[in-house]
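Novice: Let me begin by handing over the structure; questions about it come next.
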């Protein structure tokens with residue numbers, strides 16, 4: 001089973017990719033074999049003073065995903081995701097979740113080797 005998470009501004013495939021990983025509105029978890037989707041709200045992380053990226057990494061790890069698609073990931077969040085074996089595709093802001101998934105399925109998303117956002 002291949003499950004991926006995509007940061008999303010809303011609960012549908014046609015919502016935009018939320019550029020912020022740690023403070024994303026939520027995550028759409030997609031099973032690429034069945035195309036079943038599940039929305040995970042990330043509202044609590046949006047109001048945290050610190051640790052939002054690590055909290056968000058815990059949320060997607062519990063969802064059992066192998067890959068995350070997003071815009072920007074900070075160093076602590078990237079490290080937390082890497083520690084549990086979740087690959088990260090970055091710089092997908094401006095797309096819909098559906099478009100980001102199609103790019104991933106077509107092999108057009110390069111997996112990152114490090115964070116692309118400075119820590120805050």
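Novice: Could you check how many residues of the range 42-58 are touching a helix residue (DSSP H, G or I) at 6+ places or on another chain (Cβ under 9 Å) and either over 23 Å from residue 110 (Cα atoms) or modelled with pLDDT of 95 or more (or both)?
Specialist: Residues flagged as touching a helix residue (DSSP H, G or I) at 6+ places or on another chain (Cβ under 9 Å) and either over 23 Å from residue 110 (Cα atoms) or modelled with pLDDT of 95 or more (or both) within the range 42-58 amount to 8.
Novice: Another one. Would you mention how many residues in the range 73-102 are out of contact with any strand residue (DSSP E or B) (no Cβ under 8 Å at 6 or more places or on another chain) and under 13 Å from residue 4 (Cα atoms)?
Specialist: Final tally of qualifying residues: 3.
Novice: I need the full set of residues from the range 22-38 which are free of Cβ contacts under 8 Å to residues at least 60 places away in the same chain and part of a loop (DSSP other than H, G, I, E, B), in order please.
Specialist: Those that are free of Cβ contacts under 8 Å to residues at least 60 places away in the same chain and part of a loop (DSSP other than H, G, I, E, B): 22, 23, 24, 25, 33, 34, 35, 36.
One line per residue, one yes/no per condition, for (1) touching a strand residue (DSSP E or B) at 6+ places or on another chain (Cβ under 6 Å); (2) farther than 17 Å from residue 115 by Cα; (3) crowded, with 17+ Cβ neighbours inside 10 Å:
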{"position": "27", "(1), (2), (3)": "yes, yes, yes"}
{"position": "41", "(1), (2), (3)": "yes, yes, no"}
{"position": "52", "(1), (2), (3)": "no, no, yes"}
{"position": "57", "(1), (2), (3)": "no, no, yes"}
{"position": "64", "(1), (2), (3)": "yes, yes, no"}
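Novice: Could you please find all residues in the range 71-90 being assigned to a strand (DSSP E or B) and free of Cβ contacts under 8 Å to residues at least 24 places away in the same chain?
Specialist: Pass one, the range 71-90, residues assigned to a strand (DSSP E or B): 72, 87-89.
Hit for the range 71-90 is 89, nothing else.
The values are calculated or read from the model by the stated rules, or taken from the named source; none is laboratory data. Everything quoted here is computed from the prediction, not taken from an experiment. Note: ideal-geometry Cβ built from the backbone for every residue, glycine included; neighbour counts use all protein chains shown.
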